[in-house]
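The values are calculated or read from the model by the stated rules, or taken from the named source; none is laboratory data. What you see is a predicted model, and the numbers here were worked out from it, not measured in a lab. Ideal geometry is used to build each Cβ from the backbone, glycine not excepted, and the neighbour counts take in all protein chains shown.
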Amino acid sequence: MSELVGDVLIWWITVQVFTIVGWPAAVRLFGHLPGLAFALARPLGLLLSGFTAWLLAMLGLGRFELPLIIISLLLVGGSGWLWLWRGNHRRLPPIAVALRGEVIFLLTMLCIVWLRAHDPTPWGTERPMDFAFFNAIQRSGLFPPQDPWLAGYSINYYYFGYLLMSVPAMISGLPPATAYNLALALLAGMTAQGAAGLIETLLGLLKRPPPAFVRVGLGVLGALIILGAGNQSGALQVMLGDERVVALDDRQLLAAIAQSWRGESIIVLPYATNAQDFGLIESWRRADKWNDFNWWWPSRSLWDGYTIPGDPPQRERRYTITEFPFFSLRLGDMHPHVMALPFTTLAIGLALAVATLSGGAQRSDWFTRIGHGIILGSLYAINSWDLPTYLLLYWGSLALAYRQPTVAFPWRAWLREAVIIALLAFVLFLPFHLTFRAPVGGATPWLDLPLLNRLTSIIGIYLGERSGWHAFIIIFGLMALPIIAGSYLYRSTTVVDNTGVAISEMPRWVEWLPFILLCIGLLIGFPLLALAGLAVYTGWRALTTDEAGVRCGMLIAALGSSVLFGVEIIYIRDVFEGLSARMNTIFKFYYQVWLLWGVLAPVALWWVWALASGRQRLLAGLVSVCTVLLLIGASVYPWIVVRDIGRGPMIGLNGYTPREQTTAGAAAIAWLRQYAPAGSVVLEAVAVENEAAVAAGSEQPRCGGSYNWQGFGGVSAASGLPTVLGWVGHEMQWRGGDQQALAELGPRCIAVDTIYRSGDLNRIRPLIDQYSVDYIYVGSLERERYPASSLDVLAQIGTPVFAQDEVVIYRVTR
């Protein structure tokens, strides 16, 4: 326990550096919004420092090591504080704001530390990949960083988030697995602090803002909804006694609830899912899911129907991914969508800052423009799916800033600024774009015309079954209810011109459009058609309201509605298209709306009550009661998950990969981390799918290894040093557009197997030279799969530099 406390203290002190470094820039970008600057200073300081170090390394002006990181911190922090001190800008955050923000950050971080300390292993699901990138970036030196699972190639993935998390890891000097788990806690803490600051700021921008304690309380509520709530599938699983409830359509769900309400012990609902999921289901016996809870399946709460060709054709359902932040933190995957959370929170803050500067003030300030470009441009390099959404939010906020009551909208000025920022976002990250090939795009465009074929090879038209209203309520009901109700109940002053006439007064049909489209959608099997009407209505409100807090809130509501409606029409074509056309699209865009609407929901809850009077108070009370019920339903998932985790032992934060489970394995990885030079290629075994046939000499090896529990790819993942071939399935995902790299996978599989299996020096030596192998690792996996006589031959290739129990590491002699 003392070690855990010490690690957390070192980490907390380390991340304070980024708040100090980021404060001057936060004042420059957000200083006109009280409280928001401090809430966003930490992610901003981390982003600017990490960007500077990355750019210097990409340009070959330094190695990505601790000295370069310190220089970057001094450059960013020193220049910022010089500007703050020498100019007329001497400002420090208010003590109350700073203390409140730090308490929110620290408590959130400690909660995630507790969660991860019960399951700290960096192995399972996507954690090996995340751990491999996290470590490889720290050992690469010059950039682009080396791919740990394909030696000789750079990482072809959205790696900038891993780089940002590597910065505090390298400063702190903590063990890799400890830093990995603390990085997850840092992400959560920055997101909670940023979200609370955004909510307090939005409420403070109202003409009749709530008291300070209400703003603080709603800010904390928003942070809890974003990071601590689940969807309603957890409550439904407990109510109906089976995790398969997630695959029910709307009518079946109502029927199942009715059967449960009548006290029936067996739920009879025949339906078919993919054979790899639940298969064919006719009924289930209700079980005690309160004490036997399945925490995985609520992250798959939206299922699309497909027709399977045959005689007769069959219908089956396949899930899309509907993760939410608490699930991600429980899972422990430090994936791009998780690492993006605090930086998309930063982008929302940027939109608020822009929208509240009337007339496009300070647009000629190139420092501000560059800051905006870095914030937006980083989103592509962290998690590319976020850039379109937050660029639209930025452009919308820019339109609100340029909107003036007495003059026509300045389209040219708006367009000029919008294009400048978009270009800066691209140019500032040009080294990333030049060394990265996006792994999206279908094999065949659906519109093969010049200039359009590339676009249509990336964007597909979704022609399948539309999402049901029940899935929308299960996933977004907690947020959508107060947002929709508040949008109609809160009536702020409309924008008027100099004669007192309302500008673009909303026609009555626009107010009724969401309800009209809902009725049409229910008739044609497209209930979320109503979101298109909600986007129009809230977008119109954003443009015709003179309260800054309402304008920004309505813009967020319109953007979220547009995104949710958009994924009912189109999807991004990627490697998962054959499994479920829009599985990944739903995943990534729903995750964005969870944050956007999670920020807005507490604000909208205040809207519901702020101006309610007479009969409206009855409606406001009904909305509040339903919101509380939905909040209770959303709390079932985290409550049970935390309870079940708490029943296990607290292990600590320094988890181990399967390769480190023995004393010799752990010592071997530690030796590689300490003594192997950066960039050294370490050969380790790769998972061969047809191992029996290969051993019999009847087939050439075929490699896989993704999601394995044995530890294939673990030496490279834990040490950060590249290996000849790691997880083949993941390399195929990352290299979808790179035929040269894809062509390497098969030969590398054969080469690795040949080196370990053949025992023939005349075959081994050329392969060692071809792939520039520096070290050969022989551990338990290698000894289980290859003849001892063949492994003994490797001693003639190199010199043993580490030998303990079952592990030997040979340095190749050249």
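Regarding the stretch 228-244, can at least one residue be identified that is over 30 Å from residue 436 (Cβ atoms), of a type in the set (A, V, I, L, M, F, W, C) and assigned to a loop (DSSP other than H, G, I, E, B)? Yes - at least one qualifying residue is present in the stretch 228-244. Looking only at the stretch 602-610, decide whether some residue is closer than 28 Å to residue 221 by Cα and at pLDDT below 90. The answer is yes, given that some residue of the stretch 602-610 is closer than 28 Å to residue 221 by Cα and at pLDDT below 90.
Looking at this structure, is residue 188 in contact (Cβ under 8 Å) with a residue 12 or more places away in the chain and within 30 Å of residue 685 (Cβ to Cβ)? Spelling it out, it is not the case that residue 188 is in contact (Cβ under 8 Å) with a residue 12 or more places away in the chain and within 30 Å of residue 685 (Cβ to Cβ). What about residue 257, is it more than 32 Å from the chain's Cα centre (by Cα), in a strand (DSSP E or B) and under 22 Å from residue 469 (Cβ atoms)? For residue 257, the condition - more than 32 Å from the chain's Cα centre (by Cα), in a strand (DSSP E or B) and under 22 Å from residue 469 (Cβ atoms) - is not met. Within the stretch 297-321, the residues that satisfy the criterion of being more than 15 Å from residue 581 (Cβ to Cβ) and touching a residue at least 12 places away in the same chain (Cβ under 8 Å) are 297, 298, 299, 300, 301, 314, 315. Going by the structure shown, is residue 251 farther than 30 Å from residue 36 by Cα and either assigned by TED's automatic domain parsing to the domain that holds residue 639 or charged (D, E, K, R) (or both)? When the stated conditions are applied, residue 251 passes them. The criterion of at least 2 residues that are surrounded by fewer than 21 Cβ atoms within 10 Å (Cβ to Cβ) and of a type in the set (A, V, I, L, M) is met by the following helices (runs of 4 or more DSSP H) wholly inside the stretch 647-739: 663-675, 691-695. Has the stretch 229-242 got any residue that is hydroxyl-bearing (Ser, Thr, Tyr) and surrounded by 20 or more Cβ atoms within 10 Å (Cβ to Cβ)? Checked the stretch 229-242: at least one residue is hydroxyl-bearing (Ser, Thr, Tyr) and surrounded by 20 or more Cβ atoms within 10 Å (Cβ to Cβ). For the stretch 545-588, how many residues meet the condition of being touching a strand residue (DSSP E or B) at 6+ places or on another chain (Cβ under 9 Å) and of a type outside the set (Val, Ile, Thr)? Residues flagged as touching a strand residue (DSSP E or B) at 6+ places or on another chain (Cβ under 9 Å) and of a type outside the set (Val, Ile, Thr) within the stretch 545-588 amount to 14.
A quick yes/no check of all residues on (1) over 17 Å from residue 747 (Cα atoms); (2) of a type in the set (S, T, N, Q); (3) in contact (Cβ under 8 Å) with a residue 60 or more places away in the chain:
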| residue | (1), (2), (3) |
| --- | --- |
| 665 | yes, no, yes |
| 668 | yes, no, yes |
| 671 | yes, no, yes |
| 678 | yes, no, yes |
| 685 | no, no, yes |
| 689 | no, no, no |
| 696 | yes, no, no |
| 700 | no, yes, no |
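Identify, please: which residue in the stretch 415-441 is part of a loop (DSSP other than H, G, I, E, B) and at pLDDT below 95 and is, among those, surrounded by the most Cβ atoms within 10 Å (Cβ to Cβ)? It would help to see each step written out before you state the result.
To start, the set of residues in the stretch 415-441 that are part of a loop (DSSP other than H, G, I, E, B) comprises 428-429, 435-441.
With at pLDDT below 95 added as a condition, the list becomes 435-441.
On the way: 435: 14, 436: 19, 437: 13, 438: 14, 439: 18, 440: 18, 441: 21.
Checked the stretch 415-441; the qualifying residue surrounded by the most Cβ atoms within 10 Å (Cβ to Cβ) is 441.
Every test in (1) among the polar types (S, T, N, Q); (2) without any contact (Cβ under 8 Å) to a residue 40 or more places away in the chain; (3) surrounded by fewer than 14 Cβ atoms within 10 Å (Cβ to Cβ) is passed by residue 328 save one, and that test is (3). Against the numbered list (1) surrounded by fewer than 17 Cβ atoms within 10 Å (Cβ to Cβ); (2) under 24 Å from the mean Cα position of the chain (by Cα), residue 42 comes up short only at (1).
If you go through the stretch 144-170 and keep only what is closer than 16 Å to residue 673 by Cα and in a helix (DSSP H, G or I), you end up with 166, 169, 170.
Considering the stretch 310-337, the residues that are over 28 Å from residue 120 (Cβ atoms) and polar (S, T, N, Q) include one that is farthest from the chain's Cα centre (by Cα), namely 314.
Scan the stretch 505-558 for residues that are surrounded by 24 or more Cβ atoms within 10 Å (Cβ to Cβ) and in a loop (DSSP other than H, G, I, E, B) and the total you get is 0. Among the residues of the stretch 766-781, is any crowded, with 18+ Cβ neighbours inside 10 Å, of a type in the set (Gly, Ala, Ser) and within 22 Å of residue 154 (Cα to Cα)? Scanning the stretch 766-781 turns up no residue that is crowded, with 18+ Cβ neighbours inside 10 Å, of a type in the set (Gly, Ala, Ser) and within 22 Å of residue 154 (Cα to Cα).
Quick one: is residue 669 at pLDDT 95 or above, out of contact with any strand residue (DSSP E or B) (no Cβ under 7 Å at 6 or more places or on another chain) and assigned by TED's automatic domain parsing to the domain that holds residue 782? Spelling it out, residue 669 is indeed at pLDDT 95 or above, out of contact with any strand residue (DSSP E or B) (no Cβ under 7 Å at 6 or more places or on another chain) and assigned by TED's automatic domain parsing to the domain that holds residue 782. The conditions are (1) part of a helix (DSSP H, G or I); (2) over 17 Å from residue 114 (Cα atoms); (3) without any contact (Cβ under 8 Å) to a residue 60 or more places away in the chain, and residue 626 fails exactly one of them. Which is it? That leaves (3) as the condition not met. Residues in the stretch 611-623 that are assigned to a helix (DSSP H, G or I) and over 16 Å from residue 221 (Cβ atoms): 615, 616, 617, 618, 619, 620, 621, 622. Regarding the stretch 573-592, can at least one residue be identified that is under 23 Å from residue 185 (Cβ atoms) and either over 22 Å from the mean Cα position of the chain (by Cα) or not assigned by TED's automatic domain parsing to the domain that holds residue 485 (or both)? No: the stretch 573-592 contains no residue that is under 23 Å from residue 185 (Cβ atoms) and either over 22 Å from the mean Cα position of the chain (by Cα) or not assigned by TED's automatic domain parsing to the domain that holds residue 485 (or both). When restricted to residues that are out of contact with any helix residue (DSSP H, G or I) (no Cβ under 6 Å at 6 or more places or on another chain), buried (at least 19 other Cβ atoms within 10 Å of the Cβ) and of a type in the set (S, T, N, Q), the stretch 55-100 contains 0. The residues on offer are 581, 530, and the sole one that is under 24 Å from residue 470 (Cα atoms) and in contact (Cβ under 8 Å) with a residue 60 or more places away in the chain is 581.
Looking across the stretch 384-414, the residues that are part of a loop (DSSP other than H, G, I, E, B) and under 16 Å from residue 592 (Cβ atoms) come down to 384, 385.
Within the stretch 270-351, which strands (runs of 3 or more DSSP E) (wholly inside it) include 2 or more residues that are in contact with a His (Cβ under 6 Å, 6 or more places away or on another chain) and within 30 Å of residue 165 (Cβ to Cβ)?
Numbers: elements: 280-285, 302-308, 314-320.
Of the strands (runs of 3 or more DSSP E) lying wholly inside the stretch 270-351, none has at least 2 residues that are in contact with a His (Cβ under 6 Å, 6 or more places away or on another chain) and within 30 Å of residue 165 (Cβ to Cβ).
Looking at the structure I just gave you, is residue 620 more than 30 Å from residue 319 (Cβ to Cβ) and in contact with a Lys or Arg (Cβ under 8 Å, 6 or more places away or on another chain)? Against the criterion (more than 30 Å from residue 319 (Cβ to Cβ) and in contact with a Lys or Arg (Cβ under 8 Å, 6 or more places away or on another chain)), residue 620 does not qualify.
Taking residue 91 as the residue in question, decide whether it is free of Cβ contacts under 8 Å to residues at least 40 places away in the same chain and more than 24 Å from residue 333 (Cβ to Cβ).
Working: free of Cβ contacts under 8 Å to residues at least 40 places away in the same chain: no; more than 24 Å from residue 333 (Cβ to Cβ): yes.
Taking the combined requirement at face value, the residue does not satisfy it.
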